[in-house]
Amino acid sequence: MFIGSINRYMRAMLQTAAGSWKGLPVYVACCGNFTVERILARCGVGAIHSNDVSIYSCALGWHLANTPQRYVIKAPDLHWLEPYLDPGPPIIATLLLTGEMLKVGGDNAYAKRMREEYARRWPALHAKTVERVTKALAGFQIASYFAGDCREFLAGADKDAVCISFPPTYKGGYEHLFKKLDAVFDWPRPSYQLFSPEDFERFSQTVRSFRHWMISSDVEQPALSHQHVATVQTSMASKPVFMYCDQAPARLATARQTLGVNPWPPRNDEVVAQPQVVRIEGKVMNAIRSMYLNPKIMPVVPERCYAILSDGRLVGAFGVSQPRGPLPCDVYLMADFAVRPSPHKRLSKLILACLASKEVRDDLEQWLCKRIKVIGTTAFTDKPASMKYRGLFDVHSRAEGRVNYLGQAGRWSLQEGFQWWQANHSSQ
């Protein structure tokens, strides 16, 4: 369950800056799960005043400020949770566990069994979670907690203090993340105006009106370039976060690829021998695609990577992962590409033909211990279709800048797929 934490690079940057704030009061707007406050407390700042609006953050904040509030169950089928609503660690643990339980949605037999198992094991799970929460919060308090709009919170703050805010990066983020919990509990929900990225400039002016300040955005802010202190990125697929501060040493923290060695020379002449599919490590995949993949495509390390060889020479590669998005597929194609230059204009079709083979399907089934019938992928394009996938994949849906595809796994053997490519695409 997402609870508003900040990544390790942001934590390191914050700790560095906090060294010059010792003894000063601090106002933390949009505090999330109080990671910022716990770092500040260890760094010896003065009184900490926090603010947020989510159901989870408020339970934490009210407990840490010693101003407990009551939560009530309003979902008819979850009244059995009522003995677990005492303020402090008990309600915090209940919110954490309920959030996990609600991830199992739907009315199918699996979801029903999972919910029944949660109910059966709840006393033990709750006790263990209370113990963990109590230990994590031991000896940590804040001076005050304001449940409400961050702009209202800062309007009444002492401007001779420190202000820190890592505001939401998209409009309605909290509301979407905690929608299911809000449907279960009645609680003193605060009123506030939704924060939108368009509000950042005006909000940052308020933050910068304090004696010392720090703020972040997932969009680079040219107006603050002279106070840009860090760019943090946890993985090659994640969006970078830009951090700005009135005073701190400049620092850069970005994700880097682990590169291996590509052991095969490229097949730059005609492909005449039936391809062979070889499983490879992620670092070898990184090395291959750094040579042949479009540099404008954000590199993501797939969970399972394969190289396509013909007579010991590299023809291309592809990588797949377990599906985590809305596409109804059994495995998701993360990357596929062919070597260049090549006399075959449609060599990429051969890579996809190998992906659709029974040999690859059987290896994926052994890896995932389940039947693999459907492969999903996304083409990032403004065109209505991607010619590379045409004939092997069917369009499932379209959105701005992307087309989602589904294709059949195990539709033929490697030999049959190669023959299909030779007959239809090798000479084009």
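The values are calculated or read from the model by the stated rules, or taken from the named source; none is laboratory data. These numbers were taken from a predicted model, which means no experiment stands behind them. Positions of Cβ are generated from backbone atoms using ideal geometry, with glycine treated the same way; all protein chains shown enter the neighbour counts.
The residues listed here are 345, 370; of these, the one that is over 16 Å from residue 410 (Cα atoms) and not in a strand (DSSP E or B) is 345. Remark: residue 218 matches the filter, which requires a residue to be at pLDDT below 90, surrounded by 13 or more Cβ atoms within 10 Å (Cβ to Cβ) and within 20 Å of the chain's Cα centre (by Cα). Does residue 342 satisfy the condition of being surrounded by 13 or more Cβ atoms within 10 Å (Cβ to Cβ), under 20 Å from residue 268 (Cα atoms) and at pLDDT below 95? For residue 342, the condition - surrounded by 13 or more Cβ atoms within 10 Å (Cβ to Cβ), under 20 Å from residue 268 (Cα atoms) and at pLDDT below 95 - is met. Taking helices (runs of 4 or more DSSP H) as the structural unit, those lying wholly within segment 6-102 and holding at least 3 residues that are within 27 Å of residue 200 (Cβ to Cβ) correspond to 8-18, 35-43, 55-64.
When the residues of segment 162-189 are narrowed to those that are at pLDDT 85 or above and small (Gly, Ala, Ser), which ends up nearest to residue 71 (Cα to Cα)? Looking at the filtered set, the residue picked out is 183. Among the residues of segment 7-19, the ones that are surrounded by fewer than 23 Cβ atoms within 10 Å (Cβ to Cβ) and either at pLDDT 90 or above or out of contact with any strand residue (DSSP E or B) (no Cβ under 8 Å at 6 or more places or on another chain) (or both) come to 4 in all. Scanning segment 310-332 for residues that are in a strand (DSSP E or B) and either within 20 Å of residue 415 (Cβ to Cβ) or aliphatic (A, V, I, L, M) (or both) gives 310, 313, 314, 315, 316, 317, 318, 320, 331. Residue 241 fulfils the conditions (1) among the hydrophobic types (A, V, I, L, M, F, W, C); (2) at pLDDT 90 or above; (3) in contact with a strand residue (DSSP E or B) (Cβ under 6 Å, 6 or more places away or on another chain) except for a single criterion, (2).
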